[in-house]
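Following: one structure in structure tokens, then a few remarks.
The values are calculated or read from the model by the stated rules, or taken from the named source; none is laboratory data. This structure is a prediction, so every number in the text was calculated from the model and none was measured. Glycine gets a Cβ as well: all are built from the backbone with ideal geometry, and neighbour counts include every protein chain shown. Protein only, heavy atoms only, side chains kept; ligands, DNA and RNA dropped before computing areas. Shrake-Rupley method; radii C 1.70, N 1.55, O 1.52, S 1.80 Å.
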Amino acid sequence: SRFNESITRSITDGALDALLKHGVLFDDIDVVWVPGAWELPLAVRRVLMTERYDGVVALGAVIRGDPPHFDFVAGEASRGLMQASIDADIPTGFGLLTCDTMEQAQARAGGIHGNKGWDAAVAVLEMIDVLDQTDPPDAD
């Protein structure tokens, strides 16, 4: 998502780096930007419906403020991403940072806590492998 773009660009770069370093071809990667975390579940659901992808890495950053807006956006976006992944039976990497401060987000977007975009991309690749290994037999 574009909201908190200084953070989301960093985690997007991390995800792209992870995918490329793990052998995904650049031409096989599409980046879709949405306005904010609230819009992630619908965009992911739509992308998964195309059946063109083996996995999706959902990236965004919700940073707590004074109003309860954070709780609604973070919780519902998380729930929506999980539901989209389950409904499509396609792995969705959870790269939605939910932090109390901008400093915490920066620490997770390439700072002292690594890059959570990288982590989410690697998790998707691992889950693609797990699902390939546990594919149910055809019901012929």
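Brief remarks on what is shown
- For segment 53-75, filtered to residues that are part of a helix (DSSP H, G or I) and open to solvent by 80 Å² or more (accessible area, probe 1.4 Å), the residue that is farthest from A123 (Cα to Cα) is H69.
- Exclusive hit being among the β-branched types (V, I, T) and closer than 13 Å to T8 by Cβ, set V73, V32: V32
- Set Q104, Q133: member being closer than 22 Å to V73 by Cβ and either free of Cβ contacts under 8 Å to residues at least 40 places away in the same chain or out of contact with any helix residue (DSSP H, G or I) (no Cβ under 7 Å at 6 or more places or on another chain) (or both): Q104
- Selection count where residues are more than 22 Å from T8 (Cα to Cα), hydrophobic (A, V, I, L, M, F, W, C) and part of a helix (DSSP H, G or I), scope segment 108-140: 4
- Which listed residue is more than 14 Å from L125 (Cα to Cα), among the small types (G, A, S) and in a helix (DSSP H, G or I), from S1, S6: S6
To keep it simple, each residue is scored yes or no on (1) of a type in the set (A, V, I, L, M, F, W, C); (2) touching a strand residue (DSSP E or B) at 6+ places or on another chain (Cβ under 8 Å); (3) modelled with pLDDT under 95.
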| site | (1), (2), (3) |
| --- | --- |
| S1 | no, yes, yes |
| T12 | no, yes, no |
| K21 | no, no, no |
| V44 | yes, yes, no |
| E51 | no, no, yes |
| V62 | yes, yes, yes |
| F72 | yes, no, yes |
| G75 | no, no, yes |
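- Tallying residues that are among the β-branched types (V, I, T), under 12 Å from the mean Cα position of the chain (by Cα) and buried (at least 20 other Cβ atoms within 10 Å of the Cβ) within segment 94-132 yields 1.
- Complete set of residues in segment 7-22 that are within 25 Å of D100 (Cβ to Cβ) and open to solvent by less than 80 Å² (accessible area, probe 1.4 Å): I7, T8, S10, I11, T12, G14, A15
- All positions within segment 23-48 that are surrounded by 13 or more Cβ atoms within 10 Å (Cβ to Cβ) and in contact with a helix residue (DSSP H, G or I) (Cβ under 7 Å, 6 or more places away or on another chain): I29, V34, A37, W38, L40, P41, V44, R45, L48
- With respect to the conditions (1) among the hydrophobic types (A, V, I, L, M, F, W, C); (2) within 14 Å of the chain's Cα centre (by Cα); (3) at pLDDT 95 or above, A37 falls short on a single one, namely (3).
- Contact map, segment 3-31: first residue at positive phi, second residue buried (at least 20 other Cβ atoms within 10 Å of the Cβ) and assigned to a helix (DSSP H, G or I), Cβ cut-off under 8 Å, separation 6 or more or different chains; pairs are N4/A105.
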